[in-house]
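No lab work stands behind these numbers, since they all come straight from the coordinates. Quick caveat: nothing in here was measured; it's all calculated off a predicted structure. Here Cβ is always computed from backbone atoms with ideal geometry, including for glycine, and neighbour counts include all displayed protein chains.
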Amino acid sequence: MKIFLSILFFCFYTYLTFGQPGWHQQNAFTGSERDDGCAFWLNGSGYFGTGRDGGFVILNDWWKYDAVNDSWNQKTNFQGAPRQYAVAFAVNGKGYVCSGIDAFGNYRNDAWEYDDVLDQWTQVDSIPGVGRMASVAFVIGPYAYVCTGRTSTGQCLNECWRFDPSSGSWSAMNPLPEGLWLSAAFAMGGFGYVCTGKDSSGNFTDALYRYDPALNSWSPAALFPGAARIYSEGISLPYSGLICSGLDSINQYLNDLWEYDPYHNAWSQRVSLPSFSRKGVSSFSDGFNGWIITGIDSSNTRTKEVWKYEAPLNVHEELRNPFCLYPVPADDVVTLTGLAYFRGDCLIYDILGQLVFHSAIDGMLNNYFIDVSDFPGGIYFARLNGKDFSGEMKMVIGR
């Protein structure tokens, strides 16, 4: 009976809450108000800086956010040229800031690594090719991906560059189907997503593109159902991606929030930001919650506001996969059932998209047992890739 209930619990519907769902205003950012900065989450803290302030000064300051105490502390300034429209990400225990446009109108392709332990910046290899602004980035496993952006000639790029922090090198991946800038991006379950933005002709798009690193390929996903927009922000959560705020094609500033469910390839509108509409916000996510920082409103007033979004963890599989995973939560061993005649691979990713397990399945047995005794507690994503079937499911390990 206990195992039977566990199977039902996972395969039909799970509702977990890690806080009070919804928007919660945090203490204001203690640096100057700004828009078009950049941010990442690194080793348990948020980091934020650069951008343009209310006096039209291009910035290079750098700040650390303590989520436990809801407080900000200034760190060593970013050591590259002051800039806005930079792109930032964290991978392999370090943070990175690259590209953007500086105070003299130069489009940049330089890249800088931040060590939070030493509070130190080091220049690394630049993004190959021309300088660019308003690119997007996402992280899958041990790699970061920097995509799209606009050049000094007005060309919108469809490039996708993979950064390997172990070697400090960049590799060209297959390009997106179209060139874009001022898009939004998020990643989850081992895939990256790029959404919205504007092309070289000035057309706004509602496209959503999905990147599969195993195949090095892009494919279209469900169109974004909100107003097509630029300057929106993408936030990665464990089970979904969020798109918030922005500027639409008739110059309306936005404060709406949309959630993308990759397991059903569907969008849902969520509660709008309970404050004024804005564009040019920055964001980071601890893997469960998202924060948006600063921005600018329709009267060109920049803000120091900080908002935290806490989402209920909804896991709804509705038996769309022919297999089940139990128990929930798991401890030392996880059982995958329903695998008779399935031939392919089982991959498990952690919440950051890092591949932590990979094994071939030959279809000879209906049940497959996975030793997870060495896995830290948390949320994981199990993915089956086969010739005739591919599916995904979430896995919870309790410690």
Order the peptides 222-234, 153-165, 82-94 from the highest to the lowest mean number of other Cβ atoms within 10 Å of their residues.
82-94, 222-234, 153-165
Which value in nm describes the separation of the simple spin-label points at A214 and H264, placed 7 Å from the Cα toward the beta carbon?
2.4
Would you mind checking region 108-125 for residues with the amide N under 11 Å from a putative spin-label position 7 Å along Cα→C-beta of T76?
113-123
Report the FRET efficiency, 1/(1 + (r/R0)^6), for E113 and F369, where r is their Cβ-Cβ distance and R0 is 35 Å, rounded to 0.05.
0.30
Which value in nm describes the separation of the simple spin-label points at S152 and V57, placed 7 Å from the Cα toward the beta carbon?
2.6
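What's the extension gain from S272 to V356 if we count 0.36 nm per residue and subtract their Cα-Cα distance? List each step's numbers first, then the result.
Details: separation 84, 0.36 × 84 = 30.24 nm, distance 3.56 nm.
So the chain would gain 26.7 nm between S272 and V356.
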Quick check on the exposure proxy: order H24, H358 from fewest to most C-beta atoms within 10 angstrom.
H358, H24
Enumerate the calculated ³J(HN,Hα) couplings along region 175-192 in order (Karplus 6.51 cos²θ - 1.76 cosθ + 1.60, θ = phi - 60°), each rounded to whole Hz, writing x wherever the residue is Gly or Pro.
x, 5, x, 8, x, 9, 8, 6, 8, 10, 8, 8, 9, 6, x, x, 10, x
Under 23 Å between C-alpha atoms is the cut-off here; go through the chain and count lysine pairs that meet it, provided they're at least eight residues apart or on different chains.
12
With springs connecting C-alpha atoms under 10 Å apart, model the chain as a Gaussian network and identify which of I379, I140, I292 has the largest mean-square fluctuation.
I379
Alpha carbons only, please: Rg and Dmax for region 215-321, in angstrom.
14.8, 49
Helix-only mean residue ellipticity at 222 nm, the chain, DSSP H runs n ≥ 4 weighted -39,500 (n - 2.57), per residue, nearest 500. What is it?
-500 deg cm²/dmol
Cβ-placed point charges (K, R +1; D, E -1), dipole of the chain about Cα centre in debye, nearest 20:
460
Over the chain, what is the mean sequence separation of C-alpha contacts under 8 Å (at least six apart), divided by residue count, expressed as relative contact order in percent?
15
GNM on the chain, C-alpha springs below 10 Å: top fluctuator among F357, F342, F104?
F104
Among P128, I293, A88, pick out the residue whose Cα is farthest towards the positive end of the charge dipole of region 18-311, where Lys and Arg carry +1 and Asp and Glu carry -1 on C-beta, about the Cα centre.
P128
Listed residue (L180, T153, Q79) projecting farthest to the positive dipole end of the chain, Cβ model
T153
GNM on the chain, Cα springs under 10 Å; top mean-square fluctuation among C98, C38, C346 goes to C346
Take the eigenvalues of the Cα gyration tensor for the chain, scale each by 5, and report the square roots as semi-axes in whole Å, largest first.
36, 22, 21
Label-reachable residues, region 24-45, where backbone N falls under 20 Å from a point 7 Å from D66's Cα toward its Cβ:
25-32, 40-45
